[in-house]
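Below you'll find the structure, written out as structure tokens, and then a few comments.
The values are calculated or read from the model by the stated rules, or taken from the named source; none is laboratory data. Keep in mind the model is a prediction, meaning the values are calculated, not measured. Methodologically, a virtual Cβ is constructed for each residue, glycine included, from the backbone with ideal geometry; neighbour enumeration extends over all protein chains shown. To get the accessible areas, we keep the full protein, side chains included, count just its heavy atoms, and leave off ligands, DNA and RNA. Shrake-Rupley method; radii C 1.70, N 1.55, O 1.52, S 1.80 Å.
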Amino acid sequence: MRAARLIKMVLLLQSRPTMTASELARELEVSERTVTRDAQALSEAGVPVYAERGRAGGYRLVGGYRTRLTGLGRGEAEALFLSGVPEALREMGLEDVASAARLKVSAALLPSLRDAPRAAAQRFHLDAPAWFREPETPALLPVIAEAVWDDRCVRARYRRGEGGAEREVERELEPYGLVLKAGVWYLCARVREGGAFRTYRIDRFIAAEPAQDRFVRDDEFDLPGFWGAQAERFARSLLRAEVVVRLSEAGVRRLPYAVDPVAARDALAGAGEPDGRGWTTVTLRVESLEVAHTQLTALGPEAEVLAPAALREWFAGDALRLAARYGSRES
């Protein structure tokens, strides 16, 4: 543990001209007294660490000293590509590996480029979870993430919902990849029995035990492509009803923001030419009439429901109540 900390201290000092004891203590997660002892140990080992006294003082490396310990290990190189998603790294247990990789890259840069990581961090930040929800890290995520990185099979038990009921299922999986969607973690895996690729919500896993054997990864498997196809198939599976709607030009533009994007794309692709007033009639797939009512209400007067009759009557009733409400002079 101390050896790793000493290496990290050297890399920190190599990537910055000077660091105070408090800055080093914060980065290394130790006390300032420990920083002093570590600096002395490095100096005794031949690393030219120089301590400057005073308010503007700190620690620095003398004479342009550069360590040769900047080569990236495989795990560090892989984690480095995820360094733009700090929360995901933390949840998968890869934060320390990625931190070491970033330090090595910074230490290897020319002095004129060493502010590049900080400049990028000041200008871009990815916040993956959706608004108005507190994301929870699944307890088994680090175990499954380690199996994904190691191409190691997993014996998993999870809850599967069927017809409103849930039952426990046990499978042996080849974990190919992880996906973080709006704060929810998913595993894309191949079932060993049958060889089918499936998607699992990790928060539905009850148990996950890595096996001794590893699987041979299919090099043709494309994680982004697989996830995109699965997500679109899932979205379409929810759309069990159809409504016919007339849309103004503004309604056409706003439709993808009011309803499911897949449904909007399909509806607009199958629409005919606008009529003489510029209105376009589309057949829109929806989850239910209740959901359609909520979604299409957002379009206001830019949409007119033509069918089914029950939904049209629902909107007609809304229109009458709105007219009565806004036409009344009562406060």
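Since only 281, 293, 262 are under comparison, the one whose Cα sits farthest along the positive direction of the charge dipole of region 246-294, derived from C-beta charges on Lys, Arg, Asp and Glu, is 281.
For region 202-259, taking the reciprocal of the average inverse distance between every pair of different Cα atoms yields a Kirkwood hydrodynamic radius of 16.4 Å. Taking amide hydrogens as placed 1.01 Å from N in the peptide plane, the amide H of residue 306 sits under 5 Å from those of 244, 245, 246, each at least 5 positions away in sequence or on another chain.
For the residues 8, 181, a 1.4 Å probe over the protein chains yields an accessible-area ranking, largest first, of 181, 8. The Rg/Rh ratio of region 269-331, with Rg taken over Cα atoms and Rh as the Kirkwood radius over Cα pairs, comes to 1.04.
Under a 5 Å amide H cut-off, with hydrogens placed 1.01 Å from N, residue 286 pairs with 240, 241, 242, 243 among residues at least 5 apart or on other chains. The residues of region 263-307 expose on average 53 square angstrom of accessible surface per residue, using a 1.4 Å probe on protein heavy atoms.
The mean sequence separation of alpha-carbon pairs under 8 Å and at least six residues apart, normalised by the residue count of region 5-54, gives a relative contact order of 26 percent. Based on the reciprocal of the average 1/r between different C-alpha atoms, the Kirkwood radius for region 219-317 equals 14.3 Å. Along region 22-27 the Karplus relation, 6.51 cos²θ - 1.76 cosθ + 1.60 evaluated at θ = phi - 60°, assigns HN-Hα couplings of 5, 5, 5, 4, 5, 5 Hz to successive residues, with x for each Gly and Pro.
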